[in-house]
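One structure is given below, encoded as structure tokens.
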Amino acid sequence: MHDDDDADDEKVCGHPTVYGGLCVACGRAVKKGGIKFVPKSAAAAGPNKKKNNKVEISVAEADRMASLTRERLDESKRLSLVLDLDHTLVECAILARAPATEVHELVVQGRAHQVRLRPKLGEFFDKLCGLYEPTIYTHGSREYAIAVAKLIEAQTIAKFGGRIVSRDDAPDLSAKAEKRLDRVFPGAGGTESSLVVDDRHDVWQGADLDHLVLVEPYKFFERRGLVAPYQDLDTQLAHTRRALVEIHEAYFKNGNTTASAALKQVRSRVFSNDVLCFVALPRDLALLRRFAVAFGATVEEDPDSATCVVVDERRRDRTARCIRPPPKSSASYVHLDWFWYSIWHLDRKDPARFYVPPHEIIDFPVEDHPPAKRIRRDDTNHQSTTAVVVVPDDDDAWADDVAAEIADDVIDDDDDDDDDDDGDQ
Amino acid sequence: MVFFFKTDLEYSMHLAPEYFGPRMRTYIKDEIVKSVEGKCLGREGYVIAVMELKNEDIDTGVVEYDSGFVSVNARYSAILMRPFKNEVVDAVVTQVNEIGFFTEAGPLTIFVSRHAMPPDLQEGYDPDVESWISEDREVEIKQKCVVRLRLLGVTCDSQSITAVGTIKDDYLGLISMGFSY
Ligand SMILES: [Mg+2]
Ligand SMILES: [Zn+2]
């Protein structure tokens, strides 16, 4: 449309933001290759239109916005909190399953969605709204994200202020299922005062993982079908809430720090006194080690020098011969759940509650039983729970791996009086 | 500089044999209205309403040899909306965020950035109320407000028209707080 010399344009107008190819300040069509732009995804795309025009902002504008946001947050002593929706704050079912109480019906793009809010979501925002500014970042469509945001705003004191990033706003999201913090907070230092709460670590890469507060995937609908009567004993958000208060404290106590450093401080306390040895499938091993170290543990290959031997249930059945005789040290054998729950809750769980009785470990010499402590899974329970079939969920492949293990715990918690709740240390 | 105009257009369609019969013309008319109203015809603009579609303007169809479908052409007149640069438009605010706000004028979406706001409004985004508020707090632009804006730039492709606007000029800006639903 404009044949003007682009270089001349840029002298007159810095083209700070581009919408659908047009500069928002001068109205000219901006050609590629001149000023460097970054995508700006936060609630930027147009309202519910078939075609969403991309908004891009110049690097200078991104920096300006980042420092403005930082200023605003510092002033109110808050941090940014990027929240995933599905399996983190809510669970959504599109096919109507058995009628459930406390399920909200939403119609999105002509389809009925049943949305269940995760337990303690209200308390989560009650406590955290003064400490964090929430932003939604979801793989869902823009319409879905807005509908769920409205529901959460209606049911809790949360205010998202239009800070909603959906797959329609962030092209990387739909293509590779990848999330990037700099898409939400572009500009120099834009991500420094932000944390992420998500049930998936695999969608985050590199330095963004240092901002991630991982939570147990919330799968109410899936598990309700398996166990009746199903009580929703999910306490994840109470733990996350407590951890986020601690991280906020660590951040503002230290004057000049970053959110990732504050998170690291809280994370590294979890396994700070543990020497862990993993008995797991090789492909998981690297991941487990990475998490163990990030959460303060020392990892040993030799069970004799470990304080905790973490047993992966899948490993037990197939490759039992790899499990060594009991260590000479006083190491306790714990189920992998112990490890993940400690990470999800950012709080070291009592290994006794996740103790794996030696007779469950095939090839484990019977005469070398350590003195029986409290056995978490008895045989009857175990029989009944191995039959559980977890419905596969493409959206959450990683979570599926642990879902079967989680299902065990839920059953145990049902007849467990000292349920692991908020008051638990 | 014309925002709305009446023009003659042509429509071609493929009609399945099940629609042949006495109601065929009615069906063709319905089909045209249904498929063009609200649609963007590229540079022509958006079709606001089909005005005239006479029976004699529906040509005799040609039966396609291999499918049995009939290929029909029809001429009709319609009111179109075609935005032009520098035009002044009243639009409803539909979404407000930290980089500006989106408005709608009929089928057209127009984005107004903070860079296209007067200086006393440019820094005034309040995320808690999702509004742009002027320094003297006299002006508050939020969802459902009506603003008068001037189109800074317009581009089209075959499916939609992209427009950016400005309220940084005399007689532009907030004109009403809109309707409450
Ligand atoms: Mg999720
Ligand atoms: Zn420009």
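Report, by chain and number, residues whose modeled amide H sits under 5 Å from the one on residue A:195, excluding near sequence neighbours (fewer than 5 apart, same chain).
Answer set, sorted by chain and number: A:80, A:81, A:82.
Report, in listed order, any pair from B:39/B:85; A:219/A:349; B:6/B:142; A:159/B:144 with a Cα-Cα distance greater than 28 Å. Don't skip to the end; give the middle numbers.
Details: B:39/B:85 20 Å; A:219/A:349 21 Å; B:6/B:142 34 Å; A:159/B:144 19 Å.
Correct reply: B:6/B:142.
If one computes P(r) from the Cα atoms of segment B:49-164, what percent of pairs lie at distances over 22 Å?
Tail of the P(r) past 22 Å holds 52 percent of the pairs.
Under a plain spin-label model, where a point goes 7 Å from the Cα along Cα-to-Cβ, how far apart in nm are residue B:169 and residue B:143?
According to this spin-label approximation, the distance is 3.0 nm.
First select every other residue whose beta carbon is under 12 angstrom from the beta carbon of residue A:17; then total the charges, Lys and Arg +1, Asp and Glu -1. Before the final figure, lay out each step's value.
Numbers: positive: A:40, A:54, A:64, B:114; negative: A:56, A:61, B:98.
Neighbour charge sum, excluding residue A:17 itself: +1.
What's the carbon and sulfur percent of segment B:88-176's accessible surface, probe 1.4 angstrom, rounded to a whole number? Display every interim value, and only then the final one.
Details: 1570 of 3520 Å².
C and S atoms contribute 44 percent here.
Please turn the phi angles of segment A:191-206 into ³J(HN,Hα) values with the Karplus equation 6.51 cos²θ - 1.76 cosθ + 1.60 (θ = phi - 60°), one per residue in order, whole Hz, x for glycine and proline.
My calculation for segment A:191-206 gives 8, 4, 10, 10, 10, 10, 10, 8, 8, 10, 9, 6, 7, 9, 10, x Hz in order.
Out of residues 5 or more away from residue B:124 or on other chains, whose amide H comes under 5 Å of its own, with H placed 1.01 Å from N in the peptide plane?
B:133
For segment B:1-25, list residues with backbone N below 12 Å from a point placed 7 Å from the Cα of residue B:39 toward its Cβ?
Counting backbone N atoms under 12 Å from the label point, the list is B:10-14.
When the dipole is taken about the Cα centre of chain B, and only Lys, Arg (+1) and Asp, Glu (-1) are charged at their Cβ, what size is it in debye, to the nearest 20? Mind dumping the intermediate values first?
Values: 18 positive and 29 negative charges, 90 e Å.
Magnitude of the dipole: close to 440 debye.
What FRET efficiency do you get for residue B:55 and residue B:157 if R0 is 35 Å and r is their Cβ-Cβ distance, rounded to the nearest 0.05? Please list the in-between numbers first.
Values: r = 34 Å, r/R0 = 0.98.
The calculated FRET efficiency here is 0.55.
For residue A:132, list long-range residues whose amide hydrogen, built 1.01 Å from N in the peptide plane, is under 5 Å from its own amide hydrogen.
Those lying under 5 Å, H to H, from residue A:132 are A:79.
I need the calculated FRET efficiency for the pair residue B:79 and residue A:112, taking r as the beta carbon distance and R₀ as 22 Å, to the nearest 0.05. Don't skip to the end; give the middle numbers.
On the way: r = 37 Å, r/R0 = 1.68.
For R0 = 22 Å, the calculated efficiency reads 0.05.
Please calculate how many Å² of accessible area segment B:4-81 carries per residue, with a 1.4 Å probe and no DNA, RNA or ligand atoms counted.
61
For segment A:23-37, take each phi angle, set θ = phi - 60°, evaluate the Karplus expression 6.51 cos²θ - 1.76 cosθ + 1.60, and give the result in whole Hz per residue in order, putting x for glycine and proline.
Result, rounded to whole Hz: 6, 7, 9, 10, x, 7, 6, 9, 8, 6, x, x, 5, 7, 10.
Taking 35 Å as R0, compute the FRET efficiency from the Cβ-Cβ separation of residue B:5 and residue A:232 and round it to 0.05.
On the way: r = 60 Å, r/R0 = 1.71.
Rounded to the nearest 0.05, the efficiency is 0.05.
Taking trypsin sites (Lys or Arg not before Pro) as exposed when DSSP calls them loop (any state but H, G, I, E, B) and at most 16 other Cβ atoms lie within 10 Å, what is the longest stretch of chain B free of them, the sites themselves excluded? Show your work: numbers first, answer last.
Details: sites that count: B:23, B:39, B:54, B:85, B:137, B:144.
Here the longest segment lacking exposed loop sites spans B:86-136.
How are the Cα pair distances of segment A:149-300 distributed, in percent, across 5 Å bins from 0?
Once binned at 5 Å, the Cα pair distances of segment A:149-300 give 2, 7, 12, 16, 20, 18, 13, 8, 3, 1, 0.
Between chains A and B, what is the buried accessible area in Å², counting both sides, with a 1.4 Å probe and ligands, DNA and RNA left out, to the nearest 100?
On the way: alone 19850 and 10730 Å², together 28020 Å².
That pair hides around 2600 Å² of surface in total.
Using +1 at the Cβ of each Lys and Arg and -1 at the Cβ of each Asp and Glu in chain B, identify which of B:106, B:173, B:91 lies farthest towards the dipole's positive end.
Projecting each Cα onto the dipole axis, the largest value belongs to B:106.
Can you give me the angle between helix B:24-36 and the longest principal axis of chain B, using Cα atoms only, in degrees from 0 to 90, rounded to the nearest 10?
The helix B:24-36 is inclined about 20 degrees to chain B.
Which whole-Hz ³J(HN,Hα) couplings does segment B:113-118 yield from phi under the Karplus relation 6.51 cos²θ - 1.76 cosθ + 1.60, θ = phi - 60°, glycine and proline marked x?
Those phi angles translate into 8, 4, 6, 10, 10, x Hz.
The values are calculated or read from the model by the stated rules, or taken from the named source; none is laboratory data. Just so you know, these numbers come straight off a predicted model, no measurement behind them. When we count neighbours, we look across all protein chains shown, and the Cβ atoms used for this are built from the backbone with ideal geometry, even at glycine. The area values use the complete protein model at the heavy-atom level, side chains included, leaving out ligands, DNA and RNA. Shrake-Rupley method; radii C 1.70, N 1.55, O 1.52, S 1.80 Å.
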